[in-house]
Amino acid sequence: MKVVAINGSPHKRGNTYHALAEVGKQLQENGIDFEIIHVGNQMIRGCIACGGCAKNKDEKCVMATDSVNDCIQQMKAADGIILASPVFYAGIPGTMKSFLDRAFYVSSSNGNLFRHKVGAAVIAVRRTGGSSTFDSMNHYLNYSEMILATSNYWNIIHGRTAGEVLQDAEGVQIMQVLGRNMAWLLEMREQTKESVVAPNSVSKTYTNFVR
Ligand SMILES: Cc1cc2nc3c(=O)[nH]c(=O)nc-3n(C[C@H](O)[C@H](O)[C@H](O)COP(=O)(O)O)c2cc1C
């Protein structure tokens, strides 16, 4: 089994990375492959709401010049997905937001590519805005009918300069517990895939609150 983690920080080895490394260590100790995909340092523009992904049904965003389409396929192939990000102005940094809007819109308009994968959001923050960013990131996982792995607190770790989060003992523990719970959920999902039948996917009802 494999978990891919999307690192939405501009820093390759910043606090978001260190938080992920703690989760990843636990996954690997439980025999699960773990890969970090760094998107936060890339040029990724936002969704242009053209509807091309829904029309073409090719599991692709029409903007093909960046790594979003490759990442979608890596996420589709994985058993679990972690969305990880620092906090910018109490929210998701722009590049990560652009990535998530496009990747998850392609997924939902192409048969829900990430449905029933095990997922989690992870946040690195200096001081304030962790909860609102965690909430925003969870919107993508919830919308996708994913199975959410949890910890013993919200998945938020505190620090400013790269690696400072490792001094946040509670945050480190949160990441470790998350990793172990995620590994356990993945194992349960794997062992029951033949014996426990998943509910069928339904055609989505849209009510736009317009009369
Ligand atoms: C543009 C910008 C905005 C930020 N906004 C916040 C904020 O709203 N709240 C906060 O506590 N930290 C804020 N930070 C600090 C980062 O979230 C924090 O340093 C985090 O650990 C960085 O993670 P990284 O090393 O993975 O990039 C901001 C940093 C930048 C560069």
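Things to note:
- With both labels modelled 7 Å from their Cα along Cα-to-Cβ, the Asn30 to Tyr153 distance reads 2.1 nm.
- Rough spin-label spacing in nm, given labels placed 7 Å along Cα→Cβ, for Ala169 and Thr128: 2.7
- Mean sequence separation of contacting Cα pairs (under 8 Å, at least six apart), scaled by the length of segment 1-152, corresponds to a relative contact order of 28 percent.
- Total charge dipole magnitude, segment 1-65, about the Cα centre, Cβ charges on Lys, Arg, Asp, Glu only, Debye to nearest 20: 280
- Proximal lysine pairs, the chain, alpha carbons under 21 Å, eight or more residues apart or interchain: 24
- Potential extension, Arg13-Glu187 segment - 0.36 nm per residue separation minus Cα distance: 59.7 nm
- Relative contact order for segment 107-211, counting Cα pairs under 8 Å that sit 6 or more residues apart, in percent: 24
Computed from the coordinates by the stated procedures, all read-outs in this text should not be read as laboratory data. Because the structure is a prediction, the values reported are computed rather than measured. Ideal geometry is used to build each Cβ from the backbone, glycine not excepted, and the neighbour counts take in all protein chains shown.
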